[in-house]
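Here is the structure we will look at, set down as structure tokens.
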Amino acid sequence: MPLADARAVVPDVRIVPIDPDADRAMLEKLCAACERYTPWAAIDPQGARPNKSSHAPTGDGAGLWLDVTGCTHLFGGEEALLADIAARFARAGFRTRAALAATPGAAWALARYGGTDQFRAPPGEERALLKALPVAALRLDAQLVEGLDRMGLRQIGDLVHLARAPLARRFGRVVLDRIDQLFGDLEEPISPRQAPPVHVVRRVFAEPIGKVEDIELALAELLPTLCADLESHGQGVRTLDYVLHRVDNSREVVEVGTSRPVRDAGHLARLFREKLAEVDPGFGVEVVVLAARVVAPLTPAQATLDAEADTDSLEHTGAARLVDRLTNRLGHTNVTRLTAVESHLPERACHERPAMTNKPNKMSWNQPDRRPQRPIKLLGQPLPIDVLASVPDGPPASFQWRRQSHRVVNAEGPERIAPEWWVNEGRQLSRDVRDYYRIEDEDGRRYWVYREGLFLPGFLPRWYLHGFFA
């Protein structure tokens, strides 16, 4: 009703401005909390549609989908699961109407029109109960519900017994689709809030745990089970989440990552150890979930014939283990490595990125390279030098760098590298072309120098030092 009418009825009515963003954030939080029951949790995009039908529900509310197939036994059965959901939301200050049915459409209808706050249809009676519900339980628009009501079609059973073709011509295909979804004749997939991990293990405690030692012990029991599942599928984990569901409906996610696929329980436990020391169990942890969020193929390695050899190093090298520990301790962006990039210019031929990235690199350092050898140390910014050459296009005879003169005794080159015309549009290629030389001075030190530009009338090329050889 209008606000003025409401104040006339209840003068001290409390006015709260609507905040859709805050409502959505709360729904996201509640949906995340429901992942303690199943990873397949999603927000109902429709909610309860208000309508003018006399069979409308007692109040509007947002909805959550939970696909608990194969999960009810973890909580003592279907009725115990419904009771736990209602009690948990009640402690958080929410009133809920929950129903468990064979299809999403049936659960939606029974939750809002079943008549009780917790509804579970007895086996064999679900279809008859659905037929007795009002047509608004089909998740139809208010105008469509009114049109059906004017024709005397007030219950779902009234629609089921009608011929489908005339019903579709009069009210549209949506009515038939909703009926088919209700009874399971038309599949209705549910998109979860986030993609559920393929490999998940969990443990539900009879009593909440509050010590870090108990949390670590639960992790130690779950890791071998998860690794065995990964091994049976020929996969290793790249990103692993350890989710702690507290008794106050909050949760904490402890994440670790690896630089390469891993299924070694001991190594993964060491990665979690430092982070678990900072976990706040709050008033207690009721459920723990270990989920492999990112996985990759991991083929079995050839076993060594040496009985005393470390076979674990065949699966995960020591360098990779070190990268894993440093990254999980210092942060994802603080441990980096160089990766190959397609570029003619040496200073652009590599790129720095996180050492534990999940994105594959299109190039590899092991790819065949037709270019001559490169210096062991490449300067990020070439340094200008003064060069004396015997002929304009010949190698340096001597050069001066840092106020010291170096006489060249051996030289190899040139290697011409032209700039990338598709990157340097508008520039003169004749002035940007580089001729590289590998030179050695009389003290045995080897350098990588280049001349930028060609000898042209009115233009004098410049020389630069770009790297050092061993």
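The values are calculated or read from the model by the stated rules, or taken from the named source; none is laboratory data. Note that this is a predicted model, so its numbers are computed, not measured. Counting neighbours? That spans all protein chains shown, and the Cβs are built from the backbone with ideal geometry, glycine included.
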Condition test on residue 390, is it modelled with pLDDT under 85, out of contact with any helix residue (DSSP H, G or I) (no Cβ under 7 Å at 6 or more places or on another chain) and of a type in the set (Ser, Thr, Tyr)? yes
On the basis of being under 19 Å from residue 261 (Cβ atoms), at pLDDT below 75, surrounded by fewer than 11 Cβ atoms within 10 Å (Cβ to Cβ) and of a type outside the set (Val, Ile, Thr), does residue 360 make the cut? yes
Applying the selection to the range 143-194, what residues are out of contact with any helix residue (DSSP H, G or I) (no Cβ under 7 Å at 6 or more places or on another chain), within 30 Å of residue 28 (Cβ to Cβ) and of a type outside the set (A, V, I, L, M, F, W, C)? 177, 184, 187, 189, 191, 192, 194
By residue number, the members of the range 149-173 that are under 17 Å from residue 130 (Cα atoms) and surrounded by 12 or more Cβ atoms within 10 Å (Cβ to Cβ) are 153, 154, 155, 156, 157, 158, 159, 160, 162
Out of (1) surrounded by 15 or more Cβ atoms within 10 Å (Cβ to Cβ); (2) in a helix (DSSP H, G or I), what's the single condition that is false for residue 196? (2)
Filter the range 95-145 down to residues that are at pLDDT 90 or above and in a strand (DSSP E or B) and give me whichever is nearest to residue 173 (Cα to Cα). 134
So which pairs qualify, if the first residue must be in the range 245-256 and within 24 Å of residue 331 (Cα to Cα), the second must be assigned to a loop (DSSP other than H, G, I, E, B), the Cβ gap must be under 8 Å, and the two must be at least 6 apart or on different chains? 252/279; 252/280; 254/279
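Residues checked against (1) in a helix (DSSP H, G or I); (2) among the small types (Gly, Ala, Ser); (3) modelled with pLDDT of 80 or more; (4) not assigned by TED's automatic domain parsing to the domain that holds residue 248:
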position: 269; (1), (2), (3), (4): yes, yes, yes, no
position: 321; (1), (2), (3), (4): yes, no, no, yes
position: 353; (1), (2), (3), (4): no, no, no, yes
position: 369; (1), (2), (3), (4): no, no, no, yes
Could you list, in sequence order, the residues of the range 285-315 that are exposed (fewer than 14 other Cβ atoms within 10 Å of the Cβ) and either at pLDDT 90 or above or within 23 Å of residue 196 (Cβ to Cβ) (or both)? 297
Among the residues of the range 243-289, write down those that are out of contact with any helix residue (DSSP H, G or I) (no Cβ under 9 Å at 6 or more places or on another chain) and of a type in the set (Gly, Ala, Ser). 282, 284
Any chance residue 154 is in contact (Cβ under 8 Å) with a residue 60 or more places away in the chain and either touching a strand residue (DSSP E or B) at 6+ places or on another chain (Cβ under 7 Å) or not assigned by TED's automatic domain parsing to the domain that holds residue 85 (or both): yes
Looking only at the range 318-340, count how many residues are surrounded by 13 or more Cβ atoms within 10 Å (Cβ to Cβ) and under 30 Å from residue 417 (Cα atoms). 4
All positions within the range 215-251 that are surrounded by 16 or more Cβ atoms within 10 Å (Cβ to Cβ) and either among the basic types (Lys, Arg) or farther than 14 Å from residue 202 by Cα (or both): 230, 235, 236, 237, 238, 239, 246, 247, 249, 251
Can you find even one residue in the range 229-244 that is within 24 Å of residue 33 (Cα to Cα) and not in a strand (DSSP E or B)? no
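Residues are listed down the side, and each one gets a yes or a no for (1) surrounded by 15 or more Cβ atoms within 10 Å (Cβ to Cβ); (2) of a type in the set (Val, Ile, Thr); (3) modelled with pLDDT of 85 or more; (4) in contact with a Pro (Cβ under 8 Å, 6 or more places away or on another chain):
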position	(1), (2), (3), (4)
396	yes, no, yes, no
402	no, no, yes, no
416	no, no, yes, no
466	yes, no, yes, yes
